[in-house]
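Encoded as structure tokens, the structure appears first; notes follow it.
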């Protein structure tokens with residue numbers, strides 16, 4: 001007789017959870033119920049004939065869960081997903097908008113502190129911006145190039161890429177168009193590109209949040225809650241979402257096909273480990289010094305941090 005599972009399973013410790021660099025890219029779900037039971041977190045799929053199927057999610061191995069329209073989630077499922085280190089992102093129809101994100105709050109803020117330092121110093125921000133551009137080119141860029149020149153080089157690189165792929169896949173007169181209010185009006189290439197880019201933005205947001213950084217504190221992008229995630233995602237479009245979108249120009253369902261193909265491509269490219277490494281390069285931090293989970297909360301002081309949870313009345317002479 002098989003042993004019965006215990007009614008409650010012990011939560012994994014922070015040490016036991018996979019690092020963000022070792023996780024799968026993303027999991028997109030729509031029209032399902034996300035629930036938690038004694039065996040884990042599952043997606044409950046209901047078919048037209050009334051039959052139901054329960055699919056369990058590898059919560060500790062997912063970097064980002066994208067929840068599309070028609071999903072409902074229990075409080076316990078959200079709690080377990082975030083406790084296992086997954087980032088939950090609510091997206092709109094076609095994946096064209098991000099409404100909200102939830103994450104575990106126990107990660108160190110050391111990388112966030114570095115972001116703030118860079119954003120607050122124009123010279124350091126300019127240097128970080130140049131590092132971001134340098135990651136997009138195989139050949140070293142002259143240090144004398146201004147930000148205007150770098151933007152121009154990037155624009156020319158993308159223009160050549162679009163023209164080359166359009167000729168290769170025989171897509172005449174292609175023009176990038178993006179209308180979140182009318183997703184279905186787009187041609188297959190634009191649909192696949194929009195869907196693929198949103199998946200890429202979701203993964204970038206998940207990686208940034210998992211490292212304790214802020215998606216809003218961008219280097220090149222500015223004034224948007226996912227500015228830094230957009231900075232990061234732009235590094236990989238030329239080798240992932242753009243070529244894939246053109247390859248799906250004859251697809252009847254380019255949105256779904258893009259998500260399925262990208263998940264495998266991201267795994268083969270080891271995209272999440274690359275994102276982690278590139279974040280450290282851009283912020284000029286040693287890659288080996290990755291912060292882990294932290295439940296230590298200190299108080300700021302001009303002479304250095306002091307422990308919180310301490311009554312300082314006697315020390316202050318009160």
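How do the peptides 138-145, 200-207 rank, highest first, by the average count of neighbouring beta carbon atoms within 10 Å per residue?
200-207, 138-145
How do 121, 265, 301 line up, fewest other C-beta atoms within 10 Å first?
301, 121, 265
Taking the simple approach of a point 7 Å from Cα along Cα-to-Cβ for both residue 287 and residue 238, what is their distance in nm?
1.9
Please give the length that would be gained between residue 169 and residue 269 if that part of the chain were fully extended, namely 0.36 nm times their separation in residues minus their C-alpha to C-alpha distance (nm, one decimal).
Working: separation 100, 0.36 × 100 = 36.00 nm, distance 2.28 nm.
Between residue 169 and residue 269, full extension yields an extra 33.7 nm.
Compute for the stretch 196-318: radius of gyration divided by Kirkwood radius, i.e. Rg/Rh, restricted to C-alpha atoms, rounded to two decimals.
Rg divided by Rh gives 1.18.
Ranked highest first by average number of other Cβ atoms within 10 Å, how do 38-48, 185-195, 75-85 line up? Walk me through the numbers before you get to the answer.
Working: 38-48: 13.8, 185-195: 22.1, 75-85: 18.4.
Final packing ranking: 185-195, 75-85, 38-48.
Mind giving me the nanometre distance, one decimal, between the label points for residue 48 and residue 179, set 7 Å out from Cα along Cα→Cβ?
3.0
So how do 183, 246 line up by other beta-carbon neighbours within 10 Å, fewest first? Kindly include the intermediate steps, with their values, before the conclusion.
Working: 183 19, 246 22.
Listing 183, 246 from fewest to most nearby Cβ atoms yields 183, 246.
Between residue 148 and residue 72, what is the FRET efficiency for a Förster distance of 51 Å, r being their Cβ-Cβ separation, to the nearest 0.05?
After rounding, the FRET efficiency stands at 0.60.
Taking only Cα atoms of the stretch 110-282, what ratio of Rg to Rh do you get with Rh as the Kirkwood inverse-distance radius?
On the way: Rg = 16.7 Å, Rh = 17.1 Å.
That ratio is 0.98, to two decimals.
All of the numbers you see were taken from the coordinates with simple rules; none came from a lab. This is a predicted model, so every value here is computed, not measured. So basically every Cβ, Gly included, is an ideal-geometry build from the backbone, and we count neighbours across all protein chains shown.
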